[in-house]
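One structure, as structure tokens, below. Some questions next.
Taken together, the values in this text are just the output of simple stated rules run on the coordinates, not laboratory data. Just so we're clear, the structure is a prediction, and the values are computed from it rather than from any experiment. Neighbour counts are summed over all protein chains in view; Cβ atoms, including those assigned to glycine, are modelled from backbone coordinates with ideal geometry.
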Amino acid sequence: MSNVNPIGASQNYIGQSSQSDPLNEGKRALGSAFERYEEAQKHPVQANSLEQARRHLNQAQAFFDQVENNPISNSLKYDLAVSYVKLGDISCEFALFEKANLNYKRAQKYYEFGIRTGLEGCLAGKRAVAEKLTWLPSIFTRNPDPRPNREFNMVNIGWEPANMIDTEHLVDCLQKNLSKKQRSDLRNFAKEIIKIFPGEPDKSIEIIREIVPLSKISDIALSLISETVKILATPNSLTEPAVAAGLVAMIRNSPKAAEPATIKQLLGILRDCLKASCDSGQTEYLLGLLQTTSHLLDALLQSSIEKGKGIEISLKELQDPLRKILYGFRKHKDTDLAHQARYAYQALMHIPNDETNLGRIWRHIYNIGGSAVLVWAGVISMDPDKFLSAFDRLYERERHSIIKLFNNMRLLSDKKWYMALKTIDLLLEKNQLDQLEYFVRKNNFCKEKTFLQSFCQRLERLATTVQETEIAEKAIDFLIDLVCNNNLWGKSKGVAQSVSNALKWLENQSRLSAYIQTQIQRKNPQLPTPTVNYNKVPIWDPIWQQPPGNCLLLAAQSSLQLAPSTNCLREGILTDEARTMLDQRYVEHTIDGNSLLIHAIDDFLSLESKKVLLLLGVAGSGKSVFNQRLAHHLWHRYDDPTASDPWLPLCISLPSREKPHDNLIGKYLKGKNFQERHLEAWKAKRLIFILDSYDRVVNPQRSIYADGTLASWTASKIIITSRPPLNQNKENYRIIFHPYEKPGVLQEYELKPFSESDIKTYTQKYIDQHTSQNTSKWTVEKYKEKFQLTPDLRKLLENPLLLEAALDACPKVETAVKLYDKLIDRWNNHVYHSLMESNPDNLTRDNFKMNAIRVNKYLALEMYKTNGNGETAYPIKAGEPASKHADWLLFSTAPLIYDGGGYKFINQSLRDYFLTRVLWEPDLELRSNSGSQGKNTEDNLILGKWPINKNMLIFLADRVKEVTELEERLKSLLLPPHTDTAANARAILAKAGKLQSEDNISHSNGSSSANRQSEVGTDAEFGKNGIVTT
């Protein structure tokens, strides 16, 4: 207890209580112990054992008596109080205001103890601490988050002048790493906007808001400021405040552009405007002009300081006339106007002139410690512990030099509040509101009327511009406190009027109106009637926080006769989100089993000898999806400012064009508002035309290259996708895609079917993407097992469209025939949506599906009639125009391929499926086309000519389980029993489990085909990859 260590600045406060004095707490604890001892003495059993406790208690009492009477302990408490005050001061210098508050209150406790014991200096110390506590922030207890910069998604916008959204977007682009040509184009575009600006008849705040961002472009800021000064030289009372406010913002954006000649011209204009308006009685106009003058002079002073040299003006021509005009307004009856005049006066007198040495003093001060030391020492350098003391020390250090050189300018020696306001401005700019409040409460001007009126304006600006409503409400609390807290801020009618006016103007903001009314009712500040019945200069109007308009930008685009924005060419292109979702299950296509298609496309684009790429693939192979991914990929390259001369993609669905062979590209671009002059200029661009679905255009035998005038686009390349040639040989087919007698410029690729590895990869990706819907926990192996139970399905899964349909359907169906129902329905939906592009008014989904099934059944029946179970093609000879056949539109979209001798289904299991549908869906038209009549025409035709194969057996057996009518029809074919028809019917019924014992009639002399088919019906097994084996 005797070894007491003093608490210094670097020690922790362990054991120190902020609630009461530790000595008194110890004495209270000792008193409680004595009471417990006396209570224990009343019990005889315990009395003898308490002797040692009594000795310890007496020792503790003696120690407390010694401490209380020891003068060293009293001195120690005083030293602790002083140490805590110093810790509080240090905490304030580092903006640690919560810790400062804790240390000051600890100091107060020790001072109070010293006062009770008559210790000298404690009363004064307690009063000093009480004052320091009033300086600590109590309103702005946290700082606002930095305002986020406006971001532009360049991937979806582009870099050309025609793509600019507004002037902020233009400035943002010029700050990127652009190519030399891109930068030059955008800079010239900005100059065109500035050129148009002076001729705009209405210099409204919206127009000024649009032009101001261009002042951030360093090499054109001076010309913009010069044009704005010229506009201000012919003032209009309705528009001048907006122009002047914009001019202030321009100089703030680009202080280096504030050249002496421009500044002197501007000050001359302000002088003339104010002189002409002195006796006009236009209070609203005058107040706006004075506010603009104040902000402009502030900006000029800041520019002067940041450049490290004063911008000297003429005392005779500028400073003195302006000073006299401003001085005359100092006693104006309108308190806001009078205050603004006093503030502008102070700002003006801080601008150096050509007949004083003030410019030299500015440079001298700047050389001492730079602009950071000048007015906001430590804030710019992020050393908050320095800025308050540096402000005072700097002034005191240079005060005698300034007074000596300027004994005729008492202004700088007794009006230091202007520079204090400059410190506040910087704290606002840095979002350091807690330090701002501390600075305002501590400085010597907290009861200075002009200082507080100017501070009201800054609180008004903060409440208007800050994004966070909570911070805006705190600014309102501060305004009200300036009127209610007379002990700290004094009592001034002028300040009360400024607060009243500010609150009235802030009430116009919907987010603050209710809060202001509530606080006024709760705190009841004594406010005069607002005198705000005019529109303020919108130097901090909310419009400055909003994106600018594009009136001038559109005028410049029109003036330069720019082609429409390339954004119009993005129509239909995958969004980033859609691309991401697609990539989650996309498997890259190959063209020869090894090479990736996307790499082959890059090779094609790099070869000067190749002009056209023909990409072939069967329906559902993924041509259109690949085109979408390719277009998205090329757009990303095009939007990359670091890309070297990237290709610009135009993705066109050919079926959607009314006459694709007639000036295809020209008409497409004219539909996007391109003019003929734009087309000629664009023919020199590196464009890549992605032309999708050529096989679905009307009259596909015409040359798309020659008739579509593609040859005139000399700098461009072309990618055309199509199904493989149908009824023509490939050599004749290719000629329509390349220039006459130049077959070497054509590159041809064909999409390969999915491999076993591709199917597995796609299946896993599908499962991963549908995890939330995969309630049955389907795995790749489970899908594979299901696929193997279905005849010939493996071959169909090589088609991406049918693979996805199978993955979606498998968990929902039980039988093979139901799975094929889903596959065909998905195919027809795909074809229907494709056809809608070229025939939107002539198709209905149900009608199309019904007729598509009919045509496919017809084709399957004709193939079967030709060669039974053989893989026979529909016999249309090479060169014969298939379009002369009925239902050509439906015929051309069926799941067929052409093998040179005719058409066949992409897999025989599809033919078998449609053939079996002929049985359970009798069709009078098919019966008529077959040349037969009778009740069981289809039954006898299909079942009586050849043994049915295993695909048909499974499809029909599955359907018999569902369709009673089909079961009855097959049973009716069991007699006579010795025919192929009866044998096939018996096999189907047996496979379906519908053959009764009395129906299973065996005849030793039955046909071999019937016996063989009955065997198949009972013993058929499935081999690997889902193909039925015999």
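Taking amide H positions as placed in the peptide plane 1.01 Å from N, state which residues far from Leu687 in sequence (5 or more) or on other chains have amide H under 5 Å from it.
Leu648, Ser716, Lys717
Continuing with this model, one more query. Of Pro724, Ser703, Ser693, which is farthest on the positive side of the dipole of the range 566-752, counting Cα position, with +1 on Lys and Arg Cβ, -1 on Asp and Glu Cβ, and the Cα centre as origin?
Ser703
Enumerate the calculated ³J(HN,Hα) couplings along the range 807-821 in order (Karplus 6.51 cos²θ - 1.76 cosθ + 1.60, θ = phi - 60°), each rounded to whole Hz, writing x wherever the residue is Gly or Pro.
Karplus values, whole Hz, x for Gly and Pro: 4, 6, 8, 3, x, 9, 10, 10, 10, 5, 5, 5, 5, 5, 4.
Cut-off is 10 Å between beta-carbons; in what order do Ser644, Ser595 appear when sorted fewest neighbours first?
On the way: Ser644 7, Ser595 14.
Final ranking by Cβ density, sparse to dense: Ser644, Ser595.
Could you work out how far apart the two model spin labels at Lys782 and His770 are, taking each label as a point 7 Å from the Cα in the direction of the beta carbon, and quote it in nm?
1.2
Same structure again: Could the peptides 86-95, 952-961 be put in order, highest first, of the mean number of other beta-carbon atoms found within 10 Å of their residues? Before the final figure, lay out the partial values.
Working: 86-95: 18.3, 952-961: 24.0.
Highest-to-lowest ranking by the protection proxy: 952-961, 86-95.
Also: Tell me, Asp166, Asp846, Asp640 in order of fewest to most beta-carbon neighbours within 10 Å?
On the way: Asp166 21, Asp846 9, Asp640 14.
Lowest count first: Asp846, Asp640, Asp166.
What FRET efficiency would be calculated for the residue pair Lys742, Arg150, taking the C-beta separation as r and a Förster radius of 45 Å, to the nearest 0.05? Display every interim value, and only then the final one.
Working: r = 50 Å, r/R0 = 1.12.
Rounded to the nearest 0.05, the efficiency is 0.35.
Between Ala124 and Asn550, what FRET efficiency comes out of the Förster formula 1/(1 + (r/R0)^6) with R0 = 56 Å and r the beta carbon distance, rounded to 0.05? Please list the in-between numbers first.
Values: r = 65 Å, r/R0 = 1.17.
My answer for the efficiency is 0.30.
Now a separate question. For a quick protection proxy, order the peptides 512-523, 797-808 by their average other-Cβ count within 10 Å, most packed first.
Descending packing order for the listed peptides: 797-808, 512-523.
What full-extension length gain, to one decimal in nm, is calculated for Lys491 and Ala276 as 0.36 nm per residue of separation minus the Cα-Cα distance? Present the calculation step by step, with values, prior to reporting the outcome.
Details: separation 215, 0.36 × 215 = 77.40 nm, distance 3.56 nm.
Between Lys491 and Ala276, full extension yields an extra 73.8 nm.
On to the next question. Starting from the Cα-Cα distance between Glu206 and Asn143, subtract it from 0.36 nm times their residue separation and give me the gain in nm to one decimal. Before the final figure, lay out each step's value.
Working: separation 63, 0.36 × 63 = 22.68 nm, distance 3.05 nm.
Stretched out fully, the Glu206 to Asn143 stretch lengthens by 19.6 nm.
Moving on to the next point. Would you pull out the residues with amide H under 5 Å of Glu748's amide H, same chain only if 5 or more places away, H placed 1.01 Å from N?
HN-HN under 5 Å from Glu748: Leu614.
Between Thr580 and Gln517, what FRET efficiency follows from the Cβ-Cβ distance if R0 is 35 Å, with the result rounded to 0.05? Mind showing how you got there, number by number?
Numbers: r = 49 Å, r/R0 = 1.39.
Given R0 = 35 Å and the Cβ-Cβ separation, E is 0.10.
Does the range 625-713 come out rounded, prolate or oblate, given a ≥ b ≥ c as the square roots of the eigenvalues of its C-alpha gyration tensor, rounded meaning a/c under 1.5 and, failing that, prolate meaning a/b above b/c?
Working: a/c = 2.18, a/b = 1.35, b/c = 1.61.
Oblate shape, in that a/c is at least 1.5 and b/c is the bigger or equal ratio.
Something else about it: Considering only the range 566-752, what is the antiparallel percent among its DSSP beta bridges, to the nearest 5? Before the final figure, lay out each step's value.
Working: 1 of 21 bridges.
DSSP beta bridges in the range 566-752 are roughly 5 percent antiparallel.
Go through Lys683/Lys742; Lys659/Lys717; Lys449/Lys504; Lys176/Lys474 and tell me which ones have a Cα-Cα distance over 27 Å in this structure.
Working: Lys683/Lys742 21 Å; Lys659/Lys717 21 Å; Lys449/Lys504 20 Å; Lys176/Lys474 38 Å.
Going by Cα-Cα distance, Lys176/Lys474 fall outside the 27 Å limit.
Under the 0.36 nm per residue contour assumption, what length would be gained going from the current alpha-carbon distance of Ser595 and Arg55 to full extension? Don't jump to the answer; show the numbers that get you there.
Working: separation 540, 0.36 × 540 = 194.40 nm, distance 9.77 nm.
Computed gain between Ser595 and Arg55 is 184.6 nm.
Then there's this: I'd like to compare 814-820, 484-490: which one has the highest average count of other Cβ atoms within 10 Å, and what's the full order after that? Mind dumping the intermediate values first?
Working: 814-820: 20.1, 484-490: 14.3.
Descending packing order for the listed peptides: 814-820, 484-490.
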